[in-house]
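Worksheet: the structure to be examined is printed underneath.
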Amino acid sequence: MKRQRGAAPEPGCLRAWAAESEALSGRWRAARSAGPRGAEAAARQQRGAFGELLLRMRGLPAALPTLPLELTVLYNSLLFVLGTSDHVIEGEAEGIRQGLLRVLEACGSSGQDLSTEELWQKVLQEVTDETLRAPLHRLGALQAAWWLAASRLRSVAGLFQLLSSAEDLGRVPCSVGENELLALLKAWKVPAEVASMSLVQSAEDLKETLCTAAAFLQGLQEMEAGNLPAALSLLQEAAGGLCSKRVLAQIYTCLGCCARQMGKPQTALQHLKRALQVDFQCLPALYHVAAVYQELGETDVELQALGLLYEALEKKPPSAASSSPYFLIRTELLVHTPIHTSLLRHRQPSEVKYLLAQRCLQEGRVADAVEHYLDFLAVLQEGLQQQVPLDGGSALPRIPEAFLEAASALQQDGRHRDAITVCEEVISRTNDLIPRMLQVEEGLEQPESPSPGTGLAGGLLSRKKESLHCLTWRAAAYLHQGWAWVKLGENKEAVTQFSRCLSELLRFPLCGPGAEPTGNLLAEVEVLQKIRLLSLIGRGTQFLELGKHKEALLDFHYGLQVLPGPSLCTWFRVCSRRPSRRGNLLLAAYRITWGPRARIPAANPAPSSSHTLGSPCTGMTLGLPQDSELLLGEAGFPKRQSRFPFLINFIIKPHIYSIYVFSLFFFFCALFPPAIQSP
């Protein structure tokens, strides 16, 4: 005989299903009491068991007498689905939609064409059976968990407005300044649970978890939006909610980062130390502690914190078992935002070792920096995939740039031959990555908002830009080698390396005098111009040491074309060392250019040791001096300190071409003295 739609199944089936559900829940409670590890294995088993039971129950038409048990089994099944996943998957909530459709089917209605939000509204407004109220509320809380994980806060707020009656909403009104979603969650009154319905996680615990996750998520969103006071308030609300020690430590870490952005470093340190007290394995908190001490100028404590972080990452201790009860729905499953990932990102040992090297070099602790750089390079040689993170949030520069930084540190430590060896590694690795001639057409400039038709041009620009980076690394390596040979007193070897650097730069024609590069390659071209200038200055100084004055004069004149200011001073300084007649001619040119009372700068200023680790326009860390004038001091040439800034602004900038013509005239006068008649 055929069963009629909406008719109740046999009482024996209903009792058997209820008994099986109770048995499965009992096994889960026993496994959970054994500890988190046993609970994780049992959760995977119970997920399949509850899924099979739900399929058997849905094999029959929907009926009101069985719907409370069916919705309870669905609730338990979805709890295990969510609890055994590393992250929430939107499609896994389809079971909730199917459950709502079966409720409407049992009531003689349908809602196949409705969205999930509309379906919930229809079910809660049309279904008046009191036995279904508690199961539907539990499913609603589970639906809110899925929407919260997807950051659909409006959908969550709308659902809880439907779940809470007018009396419930009036009991806890949303006061001025209070978060609306948190007020709705707190106002929701969890229906009383029937003793015969065995749940693997109570709705009350689920409500507390939702409140904590909502406060945490919204706090991170406010922090990302720059609304720091609201973020601080929400994160403090989350810290008082139900969560594990691991999540609590993460919340305190975010509180510390928020206080740091608000300009309260001492408050930030208190929150970060609290995070480490709650969970000593919250290593992101230790990383942010080092960052706060860097802002405070406490270099010793900062380096000590980074050293402790490196040791902790090297030891890789086993994860400590949480003393909190094991819940299937946990806060960490529901909170996923970019800023959350950024603030709580776990660093690799190679990153921390690089930061130690970088900070030691910046603070002038060259010997320590060299040791850290050598350790870091050894890590790179061991295996890139395991030691170097490949995501965009890494603090590491490109690998050739790290080698160039190490070479700079070795040179500052007096280990010039080691620096030459490190640079040779960069040169050999980039040998086959650069075309013989590198040209980037203006038509390949990537637009700000690329359209589907610009993909090919954007890809071509990206490849050529990468080739330009390789050219920059290779030229910088030759430049480092040249100055290393200078320090070793090998003038001819230095000239060779500077010449190789300039030869490499010929692959990419730089802009001429008075023209400035435009487009996406502006930053890269500026770095190449800086490298060319330093190479010309370096080779010119070595030509002077070798007595090749004409070649030195040519190099300094070419340097004038790359960057007029410091090169002009260098050109004058060099040529003024020539015989008196040429020196007098150049002295006259200098005074006409810079003013009648301009004095010749001192011949041997103290060398400058101020270096930077990178170029602010590109983010490249090439170990180059911060300004080309610094290298003039290292070469024994003065930095220009003009006493006539008005003349500089009036003559050089508006009439740069006239200066070039004027300088060329005296350049030829210096080269050909017979052409000048003595008075």
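The values are calculated or read from the model by the stated rules, or taken from the named source; none is laboratory data. Remember, it's a predicted structure, so these values are computed and weren't measured experimentally. Glycine also receives a Cβ, built like all others from the backbone with ideal geometry; neighbour counts cover every protein chain displayed. SASA here: full protein model, heavy atoms, side chains in, ligands and nucleic acids out. Shrake-Rupley method; radii C 1.70, N 1.55, O 1.52, S 1.80 Å.
Per the listing 428, 451, the residue uniquely surrounded by fewer than 16 Cβ atoms within 10 Å (Cβ to Cβ) and at pLDDT below 55 is 451.
Filter segment 524-544 down to residues that are under 20 Å from residue 468 (Cβ atoms) and open to solvent by 20 Å² or more (accessible area, probe 1.4 Å), then give me how many there are. Qualifying residue count, segment 524-544: 4. When 121, 143 are screened for being buried (at least 19 other Cβ atoms within 10 Å of the Cβ) and in contact with a Leu (Cβ under 9 Å, 6 or more places away or on another chain), only 143 passes. Checked against the criteria, residue 237 does not count as under 21 Å from the mean Cα position of the chain (by Cα) and among the charged types (D, E, K, R).
How about segment 207-233: which of its residues are within 17 Å of residue 264 (Cβ to Cβ) and buried (at least 24 other Cβ atoms within 10 Å of the Cβ)?
Step one: list which residues in segment 207-233 are within 17 Å of residue 264 (Cβ to Cβ), which gives 219, 222-223, 226-233.
Passing the criteria: 219, 223, 231.
Only one entry in 3, 32 is surrounded by fewer than 19 Cβ atoms within 10 Å (Cβ to Cβ) and either of a type in the set (Ser, Thr, Tyr) or modelled with pLDDT under 85 (or both), namely 3.
Might you let me know whether segment 493-503 holds any residue that is touching a residue at least 24 places away in the same chain (Cβ under 8 Å), of a type in the set (D, E, K, R) and assigned to a helix (DSSP H, G or I)?
No, every residue in segment 493-503 fails to be touching a residue at least 24 places away in the same chain (Cβ under 8 Å), of a type in the set (D, E, K, R) and assigned to a helix (DSSP H, G or I).
Checking each residue in segment 346-369 for being surrounded by 22 or more Cβ atoms within 10 Å (Cβ to Cβ) and more than 30 Å from residue 246 (Cα to Cα) picks out 357, 358, 360, 361, 369. Residue 547 meets the conditions (1) modelled with pLDDT of 50 or more; (2) open to solvent by 10 Å² or more (accessible area, probe 1.4 Å); (3) part of a helix (DSSP H, G or I) in every case but one. The failed one is (3). One residue is enough: does segment 395-407 have a residue meeting the conditions modelled with pLDDT under 90, in a loop (DSSP other than H, G, I, E, B) and either of a type in the set (Gly, Ala, Ser) or under 14 Å from residue 374 (Cα atoms) (or both)? Yes - at least one qualifying residue is present in segment 395-407.
Considering only residues in segment 45-86 that are of a type in the set (Ser, Thr, Tyr) and closer than 14 Å to residue 131 by Cβ, the one that is surrounded by the most Cβ atoms within 10 Å (Cβ to Cβ) turns out to be 72.
For segment 473-497, filtering for residues that are hydrophobic (A, V, I, L, M, F, W, C) and closer than 19 Å to residue 428 by Cβ leaves 7. Residues in segment 87-118 that are among the β-branched types (Val, Ile, Thr) and open to solvent by less than 50 Å² (accessible area, probe 1.4 Å) were compared, and the one that is modelled with the lowest pLDDT is 88. For residue 250, the test of being crowded, with 21+ Cβ neighbours inside 10 Å and either within 17 Å of residue 223 (Cα to Cα) or in contact with a Phe, Trp or Tyr (Cβ under 9 Å, 6 or more places away or on another chain) (or both) is passed. Within segment 373-392, the presence of a residue that is at pLDDT 90 or above, more than 19 Å from the chain's Cα centre (by Cα), surrounded by 19 or more Cβ atoms within 10 Å (Cβ to Cβ) and not aromatic (Phe, Trp, Tyr) is excluded.
Quick one: would you say residue 486 is among the β-branched types (Val, Ile, Thr) and at pLDDT 85 or above? So residue 486 fits the description; yes.
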